[in-house]
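This report refers to the structure that appears directly beneath it.
Derivation of every value follows stated rules applied to the coordinates shown; laboratory data play no part. Please read these numbers as outputs of a predicted model, since none were measured by experiment. Reconstructed Cβ throughout: ideal geometry from the backbone, glycine too, with neighbour counts over all protein chains shown.
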Amino acid sequence: MTTVRHAIQFTDHGAVQSSFLTEVLKGLKREPKTLPAKFLYDERGSELFEEITNLTEYYPTRTEIAILERVKHELALLIGPEAALIEFGSGSSRKIQILLQALKDLTVYVPIDISKEFLYASSLKLGHDYPSLHIHAVAGDYTAPMTLPELNCRKKAAFFPGSTIGNFEPHEAGAFFDTVAAMLEKGDGFLIGVDLKKDIRILNAAYNDARGITAEFNLNILKRMNRELSADFDLEAYRHHAFYNEAKGRMEMHIISQKDQKVTIQSEEIAIQKGETIHTENSYKYEVEDFHNLASKSGFTAQKFWTDEKRLFSLHYLEL
Ligand code: AVJ
């Protein structure tokens, strides 16, 4: 279904609403226990993540924004005029605003997001701030293959900031590159933010901030299960645990049980032992070369990449 409102169009891909309950039960019956990271982002979780992005210890957001500010005019030249900019998981309005200001002769902006309400609200706001910009918002799961609406443009450029690619297992990241490639034509661009391997102390601090916001963000998933699934997690009996898994090259976030306990979720009972963990997130860190090799398997060539002075974070312009 497509609705036209001034220069704003909406397409609803009827995002398959995978059941929170089904996935939670599946993950908690596993050994070791896991929960999909996407469930961290209910309303409170999204608010807490926003707070994380402003923490002194959490370098990725601030560093990526500084890189974008630094290279935005160069990006405008690489992308060129009359392009369509397609953003995956369009949460971060600050980043897109930087690009929109630099890409003055952009034809259309296509934000894709699974959270329909949020997508529609932010598209309307953006349409208000950029009245001459054509916005075509697409509600859907961007990790699944989808056909883009017909875009009347000279060239397409995909945008995937924030190192969200780090949440994917390497094989999933490869599949995502294939999905993006299928939406593009030869010569089209892909601008992607990727967090880099670095001193483990910096990584550990970023996911174990002094104010405990990341802990609250992680443990919020227990509150969410209590509220939405009438589960009975004893919120006092768990703690946040985040560490760098060197062998796998990733930060891991877990929830550790402080005692042997039983949780009831609907009619199911789950036993969890003292010291047992629920794995809630992976955040893979890349070496520039490894990242380029992964991208090239799906046909992308690295045109140019930028990092900050301390080589904490990287931004890549790939071409198909
Ligand atoms: C939004 C997935 C990029 O992995 O750094 C922040 C999420 N988790 N602190 C990341 C997150 C803990 C973030 N990503």
*Using label points projected 7 Å from each Cα along Cα→Cβ, tell me how many nm separate Lys116 and Lys304, to one decimal.*
4.0 nm
*Using only Cα atoms, what Kirkwood radius does the range 24-112 have, in angstroms?*
15.6 Å
*Mind jotting down the distance between the C-alpha centroids of the range 286-320 and the range 124-150, whole Å?*
25 Å
*Would you tally the net charge around Pro145, using a Cβ to Cβ cut-off of less than 15 Å, leaving Pro145 out, and scoring K and R as +1, D and E as -1?*
-3
*Hey, which of these cross-link pairs are over 21 Å Cα-Cα: Lys104/Lys156; Lys197/Lys223; Lys104/Lys155; Lys198/Lys310?*
Lys197/Lys223
_Tell me the net charge near Thr280. Cut-off is 10 Å between Cβ atoms, Thr280 excluded, with +1 for each Lys or Arg and -1 for each Asp or Glu._
-1
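Sort Thr214, Thr277, Thr22 so that the residue with the fewest other Cβ atoms within 10 Å of its own Cβ comes first and the one with the most comes last.
Thr22, Thr277, Thr214
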*Measuring from the lowest to the highest alpha carbon on each principal axis, how far does the range 133-177 reach, largest first, in angstroms?*
34, 19, 19
_Within 13 Å, Cβ to Cβ, of Lys259, how many net charges do the neighbouring residues add up to if Lys/Arg are +1 and Asp/Glu are -1?_
-1
*Out of the range 243-320, which GluC sites (Glu not before Pro) are coil in DSSP terms and have no more than 14 other C-beta atoms within 10 Å?*
Glu246, Glu287, Glu309
*Could you line up Leu229, Leu203 from fewest to most neighbouring Cβ atoms inside 10 Å?*
Leu229, Leu203
*Could you state the per residue volume, in Å³, of the convex hull enclosing the Cα atoms of the range 78-234?*
167 Å³
*asked:* Let me test this: with uniform point scatterers at the alpha carbons of the chain, what is the Debye-based log₁₀ I(q)/I(0) at q = 0.08, 0.10, 0.15 1/Å?
replied: -0.38, -0.60, -1.29
*Name the residue, out of Ser46, Ser115, Ser19, whose mean-square fluctuation peaks in a Gaussian network model built on the chain with Cα pairs under 10 Å.*
Ser19
*Expected 222 nm ellipticity per residue - DSSP helices of 4 or more, -39500 (n - 2.57), all of the chain, to 500*: -11000 deg cm²/dmol
